[in-house]
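What follows is a single structure, written as structure tokens, with notes after it.
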Amino acid sequence: MSLNRRDALGLCAGMAAGCLLPRAARGAKPIIGGSVDLQDLPAREASWYKKLEHLKVECGLCPQECIVADAERGTCGVRENRGGTYYTLVHGLACSVHVDPVEKKPFFHVLPGEKALSYATAGCNVECKFCQNWEISQFRPEQVASWYLPPDALVRIARQQGATMTAATYSEPTVFWEYVRDAAVAARKVGLRPLVVSNGYIKPEPLREVLPLLEAYKVDLKAMTEDFYVKQIRGHLKPVLEGLEIIKKAGTWLEIVVLLIPGLNDSEAEAVRLARWVKGHLGPDVPVHFTRFHPTYLLKNLPPTPVATLERSWSAARAEGLNFVYLGNVPGHRGENTVCPGCDQVLIHRVGFSVLKNRLKGGACPNCGRKIPGVWS
Amino acid sequence: MTHRLTRRDLAALLGAGAVSRVLGASQARSGRGRVGTAEIPPHARPAAFSRAVGDAVRRSTGMDTAEAAFRGLFGRRDTVGIKVNCLGGPRMSPRPALVEALVEWVAGAGVERSRIIVFERSSRELETAGFTLRKKGGASLCYGIDNDYDRAPTVTGKVASCFARMVSTTCTALISVGVVKDHDFAGVSAGLKNWYGVIHNPNKYHDSNCDPYVADVVRHPWIGGKMRLTVLDGGRAQYQGGPAFANRGVFDLGMVAASHDPVAADAWAWRMVEEERARRALGTLEDEKRAPRFIQTASRYGLGVGDVKALKVVGA
């Protein structure tokens, strides 16, 4: 079956009607997990690969640098070698679409209180043992319910829902890089701000190419040790650190999230090391969010992160000179608030994903006048 | 190198032990490392498949007749899953006629046809390889796993996957039916790697020549504890360019092989691939840094005999 324009429009219309409802209540049936086989959908030739002899290809999108034989897929599970040509199977194939407050991403210095149409496809290029979205990130596109939602339709829905941003998130946007790029272009055309929420595990060239299209980039910095990256996520630390520097140098707004997992990456010494690296390489104004781990996926044996541990890392990072350190997954904690580094006044008062009060005036502290870095308008 | 026995190892070993128990005393007598072969031309007639499969299984077990061999492997209460590897499409997958012959032998051991299921990752792959889908009726069944996986992952060694309910829940006995072919990363894809098709995320486990991942999947009790037989369709085989079909790498091997030792079956396939490569003055898989080390790992786990020199190949 080939998907014609009418099919696509019908599916998109159904999607638009139902995207805010719980999935079970939506009128639109998924095309994957429904009646359509993934192999029947038009695949797009992937970017960032080179052809090798014997019909093999080498992917250059992420540091996994997969060499993929004919009829096989890369480690992400969403790029497939078909006769020596590499294809992305997920361009426009969204498995999760929701309108979220931007604080949920989390971005705390980007248009507080506004909404982002958040979308994802199946697949991920690493395998975090603590992944909260493993039911989409660790599956192949044919294994999860998905909707055909090309960039233009995605943007149309965002506007209908009152979102001012789009956010590639939930799984790993790197693996649907072409979709992210094209959705960002479509979003910019109508004045929406495109965001990316990523593990930062991407090669420099594709990262540099997409950054000018984006408003902000959030990176999950999983830990500050190579050992953690190898054992807990099957990746490496160095490319992530390099990526952070590239984002900062490009001028795209950057925020960092660190999930603190008891016994694995939650020592005070590691928080200090992280803070020093961020301050030294990215500057003191890059927001760092320490978030609370909850047992999931392959780490159900560990307890939730004690709040005291989060507070210890929070204090350590602030003591090292970072100006904007936050706590996440602890609703109501004062660590959710944005505080002026100049006069200690609370500027943005948050509880969970809600902004209760935003006192910023023209992106500055109304008390001392200090400019607060971020995307405020 | 030392290998500390973990709880997981112990479970896997117990699973492997279960295989031996099921096989019964006569099977145990034949010893591990035994591979039965029979000639089967690439373009054989249906009757020839039945004879070849029966002969190969009989020789692998050391029994006097094929009927007795199958009766020793399967019981009336079994639900038998036959996992075929159809990645190579119609030109490098187990031939449907061979699989049908196998089904008849299993049915002959007393297993109801409606409890014999030929399966692969997807129904589409089965159809592409020439199989006819059957999801109900009195005949044996044939359909894909499609999306029917367990909802929670289980960990086996370095593998964390959701297994197909076909192997975790539905079947009590399993047969791996593969081909004999080269694999660009694993080295060889025959009977053991075929089990990658029952986990939801095989794409995560192709580094390090798929070692130890293949062995880790196979030692899971849902596989290792249920696997009774491996059958390899070597009518045509592939010495280069796998896992997809590559015409330039195909040769006529003209054999079907069977073993209740899954590791020995793969070691035999490895030998076949290497011998053909040597005939064509190609380097060994080791030379190309893609020797199928998972075979040795599976052997170290106690799942069978991985030493090519230690195989006992019983042919015509």
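Values quoted throughout were computed directly from the atomic coordinates according to the rules given, and no laboratory measurement underlies them. Keep in mind that what you see is a predicted model, and the values were worked out from it rather than measured. Cβ: placed from backbone, ideal geometry, glycine included. Neighbour counts: every protein chain shown.
A few notes on this one:
- Taking 0.36 nm per residue of separation and subtracting the Cα-Cα distance, full extension of the segment from residue A:376 to residue A:294 would add 26.4 nm.
- The packing ranking of peptides A:266-273, B:212-219, B:198-205, A:95-102, highest mean first, is B:212-219, B:198-205, A:95-102, A:266-273, where packing means the average number of other beta carbon atoms within 10 angstrom of each residue.
- Acute angle (nearest 10 degrees) that the helix A:238-250 long axis makes with the longest principal axis of chain A, alpha-carbon atoms: 80 degrees
- For the protein assembly as shown: Kirkwood Rh in Å [reciprocal of mean 1/r, alpha carbons]: 27.0 Å
- Within a Gaussian network of chain B (alpha carbon springs, distance under 10 Å), most fluctuating of B:72, B:137, B:89: B:137
- Placing pseudo-labels 7 Å out from each Cα toward the beta carbon at residue B:208 and residue A:58 gives an inter-label distance of 2.3 nm.
- Under the simplified labelling scheme, the residue B:113-residue A:359 pair shows an inter-label distance of 8.1 nm, with each label point 7 Å from Cα along Cα→Cβ.
- Where trypsin sites (Lys or Arg not before Pro) fall in DSSP loop in segment B:255-316, at most 14 other Cβ within 10 Å: B:280, B:289
- Mean projection area, nm², convex hull over Cα of segment A:206-300: 6.5 nm²
- Cross-link pairs A:238/A:361; B:158/B:309; A:218/A:371; A:300/A:357 - those with Cα-Cα distance over 30 Å: A:238/A:361; A:300/A:357
- Förster radius 41 Å - calculated FRET efficiency between residue A:302 and residue A:161 (Cβ-Cβ, nearest 0.05): 0.65
- When you restrict to C-alpha pairs under 8 Å that are six or more residues apart and normalise by the size of chain B, the relative contact order lands at 24 percent.
- Segment A:113-172: equivalent-ellipsoid semi-axes (sqrt of 5 x gyration tensor eigenvalues, Cα, Å): 24, 14, 8
- Rounded to 0.05, the FRET efficiency of the residue A:47 and residue A:334 pair, given R0 = 35 Å and the Cβ-Cβ distance, is 0.20.
- Counting only aspartates and glutamates at least 8 places from residue B:312 when in the same chain, those with an alpha carbon closer than 18 Å to its own are B:39, B:55, B:64, B:261, B:266, B:274, B:275.
- Highest GNM mean-square fluctuation among B:267, B:52, B:44, for chain B modelled with Cα contacts below 10 Å: B:44.
- For residue B:289 and residue A:65, the FRET efficiency from 1/(1 + (r/R0)^6), where r spans their Cβ atoms and R0 equals 25 Å, is about 0.95.
- Of B:88, B:187, B:36, the residue with the greatest mean-square motion in the GNM of chain B, using alpha carbon springs below 10 Å, is B:88.
- Net charge of neighbours whose Cβ lies under 9 Å from the Cβ of residue A:127, counting Lys and Arg as +1 and Asp and Glu as -1: +3
- Percent of beta bridges antiparallel (DSSP, chain A, rounded to nearest 5): 50 percent
- Along its first, second and third principal axes, ordered by size, chain B spans 49, 45, 41 Å in Cα coordinates.
- Using a cutoff of 8 angstrom between alpha carbon atoms and counting only pairs six or more residues apart, the relative contact order for segment A:187-287 works out to 28 percent.
- Distance in nm between pseudo-label sites at residue B:152 and residue A:281 (7 Å out along the Cβ direction from Cα): 3.8 nm
- Note that chain A carries a Kirkwood radius of 21.3 Å, evaluated over its alpha carbons pair by pair.
- Segment residue A:236..residue A:273, full-extension length gain: 11.6 nm, with 0.36 nm per residue of separation and the alpha-carbon distance subtracted.
- Sites listed here are trypsin sites (Lys or Arg not before Pro) in segment B:84-175 whose DSSP assignment is loop and whose Cβ has at most 10 other Cβ atoms within 10 Å: B:135, B:136, B:151.
- Among the GluC sites (Glu not before Pro) found in segment A:272-359, not one is both in a DSSP coil and sparsely packed, with 15 or fewer other Cβ atoms within 10 Å of its Cβ.
- Taken one residue at a time, the phi angles of segment B:237-243 give Karplus couplings (6.51, -1.76, 1.60, θ = phi - 60°) of 10, 9, 9, 7, x, x, x Hz. Gly and Pro are set to x.
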